[in-house]
Amino acid sequence: AFGPRWRLLVIGAGQLTHYVAQMALALDYAVTICDPREEYADGWLVPGTQLLRAMPDDTVVEFRPDKHTAIVALTHDPKLDDLALIEALKSDAFYVGAIGSKKNQAKRKERLLEFGVSSGQLERLHGPVGLKNGARTPPEVAVSILAEMTATKYGYEVPTPIAVRAHMAGPAG
């Protein structure tokens, strides 16, 4: 591969981030995790990643996101996620995503507009983050996030899927 390396900055060092980071490393991203919260950062154990304990908005600015950068906010804490998203949406990052329900995303968008994010910038926000594929477990959600990032990276927009049958519990028989 030639040219700049693809980079992923994840806000939050929780359980989901472990899976996202491991899968992103397998996809050859340079992975950086930002979490100023000691209770999360102290337990970070994914080799090959860089952990920063700074405030997320400062980290985004210092990271200098470009067209080879994805930024995903996974803390569920508006004080951390929103500050990072404000800076991320102003950047050239090819992908900006945030975890949270549709209801929480609507509230987040209202807050971001109040903090000066333009409606055009807000349209770039992927949230709820990830392809809608029925994911329920942290590894499944990580797959959906990286699948959406990959589609965006290559210029694809995946339409919202239509459920064709009810969820089946347990292994298929």
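The values are calculated or read from the model by the stated rules, or taken from the named source; none is laboratory data. These numbers come from a predicted model, not from an experiment. Every residue, glycine as well, gets a Cβ built from its backbone with ideal geometry; the counts of neighbours run over all protein chains shown. Please note that ligands, DNA and RNA were not included when accessible areas were found on the heavy atoms of the full protein model with its side chains. Shrake-Rupley method; radii C 1.70, N 1.55, O 1.52, S 1.80 Å.
Laid out as a table, the results:
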| quantity | calculated |
| --- | --- |
| Of all residues making up the range 27-62, the number that are open to solvent by 90 Å² or more (accessible area, probe 1.4 Å) and among the hydrophobic types (A, V, I, L, M, F, W, C) | 1 |
| Any hit, the range 18-30, residues being among the charged types (D, E, K, R) and touching a helix residue (DSSP H, G or I) at 6+ places or on another chain (Cβ under 6 Å) | no |
| Test set (1) touching a Pro at 6+ places or on another chain (Cβ under 8 Å); (2) farther than 16 Å from ILE33 by Cα; (3) without any contact (Cβ under 8 Å) to a residue 24 or more places away in the chain - ALA54 fails condition number | (2) |
| Residue check, ARG64 over 13 Å from ILE11 (Cα atoms) and of a type outside the set (Gly, Ala, Ser) | yes |
| Boolean, GLY97 is open to solvent by less than 60 Å² (accessible area, probe 1.4 Å) and either touching a residue at least 40 places away in the same chain (Cβ under 8 Å) or polar (S, T, N, Q) (or both) | yes |
| The lone exception for THR69 - which of (1) within 15 Å of TRP6 (Cβ to Cβ); (2) buried (at least 21 other Cβ atoms within 10 Å of the Cβ); (3) out of contact with any Phe, Trp or Tyr (no Cβ under 8 Å at 6 or more places or on another chain); (4) among the polar types (S, T, N, Q) it fails | (3) |
| Qualifying residue in the range 32-42 (condition: of a type in the set (A, V, I, L, M, F, W, C) and modelled with pLDDT of 95 or more) | yes |
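Residue-by-condition table, conditions (1) among the small types (Gly, Ala, Ser); (2) under 12 Å from the mean Cα position of the chain (by Cα); (3) farther than 13 Å from ALA70 by Cβ:
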| site | (1), (2), (3) |
| --- | --- |
| TRP6 | no, no, no |
| VAL10 | no, yes, no |
| GLY14 | yes, no, yes |
| GLN22 | no, no, yes |
| LEU27 | no, no, no |
| VAL31 | no, yes, no |
| PRO36 | no, no, yes |
| GLU39 | no, no, yes |
